[in-house]
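A short worksheet on the structure shown next.
The values are calculated or read from the model by the stated rules, or taken from the named source; none is laboratory data. The structure displayed is predicted, hence computed values, not measured ones. Glycine gets a Cβ as well: all are built from the backbone with ideal geometry, and neighbour counts include every protein chain shown. What goes into the accessible areas is simple: the full protein's heavy atoms, side chains included, and nothing from ligands, DNA or RNA. Shrake-Rupley method; radii C 1.70, N 1.55, O 1.52, S 1.80 Å.
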Amino acid sequence: MNNRGMMVVFSAPSGCGKDTVFKRLCEKRNDVVKSVSATTRKQRADEIDGVNYFFISKEQFEYLIENNGLIEYTCYNGCYYGTPTEGVHEAIQMGKICFLIIEIEGAQNVMELFPECVSIFLLPPSIEVLEKRLRGRGTDSEEEIRNRMEIAYKEMSYKDIYQYNVINDDLEVCVDEIDKILCEELKKHNA
Ligand code: 5GP
């Protein structure tokens with residue numbers, strides 16, 4: 001019998017490597033998909049519209065809010081970010097594990113709306129490593145890095161509202177741990 005679809009809320013301070021972790025997880029499992037969020041943030045050079053995000057205008061975003069097109073949304077670092085309802089429903093219907101890679105406020109809303117969802121918070125090995133990774137990315141201005149570090153401190157204080165905390169020190173160890181969590185949760189979900 002096919003598995004029932006499952007929703008996973010996955011959060012991490014930015015610079016924690018969540019995209020790399022997710023990418024590696026997708027190489028290991030073929031039942032995992034990502035919900036593509038909508039955002040009003042400026043597209044980065046290495047990002048593809050419709051793959052990384054749906055890059056839309058403030059007006060388009062507000063239209064989605066007003067027409068129940070989003071499961072949740074938030075304003076982060078001056079931009080809107082939200083989870084389109086349609087993509088998540090489709091993935092769940094197809095029996096996939098749908099990852100919502102979102103920040104804390106949205107994650108809290110999803111946990112309240114969907115108490116059966118699985119929640120995972122990814123932690124950096126240390127604050128110093130996080131700052132180094134953020135700078136190494138070379139995509140953000142000094143002001144943006146400072147903003148993101150401030151947000152990261154705040155976000156990490158919420159780690160305990162998530163069912164699972166996983167440290168991203170060694171990529172393979174981290175991905176294995178998440179893989180095991182998913183196997184266990186799938187067993188419960190389909191029991
Ligand atoms: P970034 O600008 O680095 O791509 O994302 C900034 C933050 O917004 C990250 O913590 C990311 O997980 C979060 N985010 C991305 N999409 C969504 C979304 O649809 N909803 C919420 N609440 N947060 C999101």
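Details
- Cross-chain or 6+ apart pairs with Cβ under 6 Å, the range 73-84 first and touching a residue at least 12 places away in the same chain (Cβ under 8 Å), then of a type in the set (Phe, Trp, Tyr) and open to solvent by less than 20 Å² (accessible area, probe 1.4 Å): Tyr80/Phe61
- Those strands (runs of 3 or more DSSP E) lying entirely in the range 90-191 with at least 2 residues open to solvent by 20 Å² or more (accessible area, probe 1.4 Å) and of a type outside the set (A, V, I, L, M, F, W, C): 164-167
- Boolean, Phe22 is under 21 Å from Cys183 (Cα atoms), near the ligand (Cβ under 10 Å from one of its atoms) and of a type in the set (A, V, I, L, M, F, W, C): no
- Residue check for Met7: surrounded by 14 or more Cβ atoms within 10 Å (Cβ to Cβ), more than 10 Å from the ligand (Cβ to nearest atom) and of a type in the set (A, V, I, L, M): yes
- Residue check, Val33 away from the ligand (no atom under 12 Å from the Cβ), open to solvent by 30 Å² or more (accessible area, probe 1.4 Å), closer than 19 Å to Gly87 by Cα and touching a residue at least 60 places away in the same chain (Cβ under 8 Å): yes
- Within the range 66-89, the set of residues being over 22 Å from Val8 (Cα atoms) and either touching a Phe, Trp or Tyr at 6+ places or on another chain (Cβ under 8 Å) or open to solvent by 50 Å² or more (accessible area, probe 1.4 Å) (or both) comprises Glu66, Asn67, Asn77, Gly78.
- For Tyr158: the one exception among (1) touching a Ser or Thr at 6+ places or on another chain (Cβ under 9 Å); (2) farther than 18 Å from Ile102 by Cα: (2)
- All conditions in (1) within 29 Å of Thr85 (Cα to Cα); (2) over 16 Å from the mean Cα position of the chain (by Cα) hold for Val118, with the sole exception of (2).
- Condition met for Glu72 (near the ligand (Cβ under 10 Å from one of its atoms), within 13 Å of the chain's Cα centre (by Cα) and farther than 18 Å from Tyr153 by Cα): yes
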